[in-house]
Amino acid sequence: MVRGVSTKDAALGGGGAQGRGGRRPIYVVLENDALVAADLIQALEARGACSVLHFSCPSEIRPALGRVGRVEAAFLEMGCDEAVSTGLAEALAARGARLVLTRGEDSERVTAHGWTLLPRPFTERMVHDLLS
């Protein structure tokens with residue numbers, strides 16, 4: 001089950017900040033720590049109108065993806081091996097998501113997959129720079 005869905009401003013597809021393709025961006029956040037999740041969601045919402053789907057367990061994500069179209073970016077508290085073995089990397093990439101791992105991992109290994117690493121502790125500016 002989705003722990004929290006945050007939609008800033010009006011319903012999906014309305015005015016405000018636009019993601020790739022002219023639609024309001026949708027972000028996925030997989031984070032078990034409530035404070036870290038809140039900081040990350042706040043940083044995403046500070047960029048403008050968006051929808052953020054927050055999950056605390058990887059198994060919750062795939063069923064929820066059936067209800068969304070394109071995903072702008074997915075911030076995953078997991079390593080490369082887990083992202084691949086759970087099938088999340090493939091499922092999220094199929095929806096156009098830029099994958100961002102937030103758990104300690106070798107940055108060269110992450111970039112070899114074409115993904116990004118967001119090291120902890122992160123700042124709002126780091127999140128914004130990563131998405132620019």
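Of the residues making up segment 37-54, just one is touching a Lys or Arg at 6+ places or on another chain (Cβ under 6 Å) and assigned to a strand (DSSP E or B), namely H54. Return yes when A74 is part of a loop (DSSP other than H, G, I, E, B) and either at pLDDT 95 or above or surrounded by fewer than 18 Cβ atoms within 10 Å (Cβ to Cβ) (or both) and no when it is not. The answer is no for A74.
Kindly indicate whether A91 is over 22 Å from D129 (Cβ atoms), in contact with a Phe, Trp or Tyr (Cβ under 9 Å, 6 or more places away or on another chain), not acidic (D, E) and not in a strand (DSSP E or B). It is false that A91 is over 22 Å from D129 (Cβ atoms), in contact with a Phe, Trp or Tyr (Cβ under 9 Å, 6 or more places away or on another chain), not acidic (D, E) and not in a strand (DSSP E or B).
What is the residue count in segment 117-132 for residues that are in a loop (DSSP other than H, G, I, E, B) and of a type in the set (A, V, I, L, M)?
1
Does R47 meet the test of being among the charged types (D, E, K, R), more than 14 Å from L30 (Cα to Cα) and at pLDDT below 95? So R47 does not fit the description; no. Every condition in (1) surrounded by 14 or more Cβ atoms within 10 Å (Cβ to Cβ); (2) part of a helix (DSSP H, G or I); (3) at pLDDT below 95; (4) not basic (K, R) is met by G21 except one, and the failing one is (1).
Each row is one residue, and each column tells you yes or no for (1) surrounded by 14 or more Cβ atoms within 10 Å (Cβ to Cβ); (2) in contact (Cβ under 8 Å) with a residue 12 or more places away in the chain; (3) among the hydroxyl-bearing types (S, T, Y); (4) at positive phi.
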{"position": "L44", "(1), (2), (3), (4)": "yes, yes, no, no"}
{"position": "C80", "(1), (2), (3), (4)": "yes, yes, no, no"}
{"position": "S85", "(1), (2), (3), (4)": "no, no, yes, no"}
{"position": "L92", "(1), (2), (3), (4)": "yes, yes, no, no"}
{"position": "T102", "(1), (2), (3), (4)": "yes, yes, yes, no"}
{"position": "E105", "(1), (2), (3), (4)": "yes, yes, no, no"}
{"position": "W115", "(1), (2), (3), (4)": "yes, yes, no, no"}
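Applying the criterion of being over 14 Å from the mean Cα position of the chain (by Cα) and either part of a loop (DSSP other than H, G, I, E, B) or modelled with pLDDT of 95 or more (or both) to the residues of segment 95-107, the residue that is nearest to V36 (Cα to Cα) is G104.
Looking across segment 58-71, the residues that are assigned to a loop (DSSP other than H, G, I, E, B), surrounded by fewer than 22 Cβ atoms within 10 Å (Cβ to Cβ) and touching a residue at least 24 places away in the same chain (Cβ under 8 Å) come down to V68, G69, R70. For the condition among the polar types (S, T, N, Q) and out of contact with any helix residue (DSSP H, G or I) (no Cβ under 9 Å at 6 or more places or on another chain), S51 qualifies.
The values are calculated or read from the model by the stated rules, or taken from the named source; none is laboratory data. Given the structure is predicted, the values throughout are model-derived calculations rather than measurements. Note that each Cβ is placed from the backbone with ideal geometry, even for glycine, and that neighbours are counted across all protein chains shown.
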